[in-house]
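Here the structure is laid out as structure tokens; the discussion comes afterwards.
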Amino acid sequence: MRPQVVAQVAVSLDGRTSGFDADLARFYALATLWQEDVTLVGADTILAQEAAVRAAPHPGPRPAAPLLAVVDSRARVREWEGLRQLGHWSDVLALYADQTPARPPDAMIRELVTGYDRVDLAEVLDVLGDRGAKTVRVDSGGTLIAVLLELGLVDEIALLVHPVVVGSGQRWCGLEEVPLRHAGTEVFEGGIVWLRYCVSA
Ligand SMILES: NC(=O)c1ccc[n+]([C@@H]2O[C@H](COP(=O)([O-])OP(=O)(O)OC[C@H]3O[C@@H](n4cnc5c(N)ncnc54)[C@H](OP(=O)(O)O)[C@@H]3O)[C@@H](O)[C@H]2O)c1
């Protein structure tokens, strides 16, 4: 059975996903509420953190933590071992497509191949569900979330809205119309607002 898919994103008041200081401590504290089995991440989100991954402590995989699955049809991610050792995840899974460039023969990373030139996200979710995943949390600056939304694969959206207008940069969602049902609002110190919506069927 396909898992529940929730996407949480930190945004400015004008919907941008970068160009401001996101409250990461609150972001990740709230994210733990879903107790996801899999963190599904866009390759560009990982690439933006590669230097930080290299510099961070590497306590090793945490068996009780979620699996990190990265959509990477162009095989751009290099820091797989560093990600695995961060202590945030139990293991890492590279999501590739048929046309993904060849991996080094000694590559040790678990992989799942779906789709022809892009990863087939619906099939990925089906496979993760078959392997026992109940909840998948998407971490993305917006691109992967928009693709999943367009495919009707997202069940819940949570926005952590920061009290700042950035004025330029990527918005979390560029789609035309997605009907949503309000599921909850919380206001935190400093004017940060957490908005949760269910995606209407
Ligand atoms: N504010 C926040 O909460 C937040 C959270 C995360 C990241 N960020 C920031 O956002 C930026 C990165 O986010 P982003 O939105 O640019 O990229 P992203 O969502 O991290 O990455 C885009 C992903 O979408 C995949 N994709 C695109 N079209 C697809 C399709 N048709 N089928 C299947 N997969 C498809 C790409 O796959 P391929 O690469 O395989 O083509 C890639 O994995 C960074 O600056 C990061 O720091 C902000």
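For the chain, the relative contact order comes to 31 percent (Cα pairs under 8 Å, sequence separation of at least 6). Distance between the modelled labels on ASP106 and LEU13, one decimal in nanometres: 5.4 nm (7 Å Cα→Cβ projection). Legend: translational diffusion of region 100-201 by Stokes-Einstein, Rh = Kirkwood radius over C-alpha pairs, 37 °C, 0.692 mPa s; D = 200 µm²/s. Computed about its Cα centre, the charge dipole of region 26-151 is approximately 440 debye, with only Lys, Arg, Asp and Glu carrying charge at their Cβ. The Cα center of region 11-48 and the Cα center of region 141-200 differ in position by 11 Å. The reciprocal of the average 1/r between distinct C-alpha atoms defines the Kirkwood hydrodynamic radius, which for the chain equals 17.5 Å.
Remark: accessible surface ordering of TYR116, TYR197, TYR28 (largest first) is TYR116, TYR28, TYR197, probe radius 1.4 Å. Along the axis of the charge dipole computed for region 38-133 (Cβ charges of +1 for Lys and Arg, -1 for Asp and Glu, origin at the Cα centre), the listed residues PRO104, SER73, VAL127 are led at the positive end by PRO104.
Label-to-label distance for ASP117 and ALA29 is 4.6 nm, based on points extended 7 Å past Cα in the beta-carbon direction. Amide H to amide H distances under 5 Å link LEU93 with LEU68, ALA69, VAL70, where only residues 5 or more positions off or on other chains count and H is placed in the peptide plane. Connecting C-alpha atoms closer than 10 Å in a GNM of the chain, tell me which of VAL77, VAL124, VAL178 has the biggest fluctuation. Sorting by GNM fluctuation, first place goes to VAL178. Under the 0.36 nm per residue contour assumption, what length would be gained going from the current alpha-carbon distance of ASP130 and ALA51 to full extension? That pair, ASP130 and ALA51, stretches by 25.0 nm at full extension.
The relative contact order of region 38-133 comes to 25 percent, based on Cα pairs under 8 Å that sit 6 or more residues apart.
Build a GNM of the chain with springs between Cα atoms under 10 Å apart, and of LEU148, LEU159, LEU33 the one that fluctuates most is LEU33.
As a ratio to 2.2 N^0.38 Å, the alpha-carbon radius of gyration for region 38-133 is 1.04.
The values are calculated or read from the model by the stated rules, or taken from the named source; none is laboratory data. Small disclaimer: the values here were computed from a predicted structure and weren't measured. Using ideal geometry, Cβ is built from the backbone for each residue, glycine included, and neighbour counts are taken over all protein chains shown. Areas reflect the complete protein model, heavy atoms only, side chains present, ligands, DNA and RNA absent. Shrake-Rupley method; radii C 1.70, N 1.55, O 1.52, S 1.80 Å.
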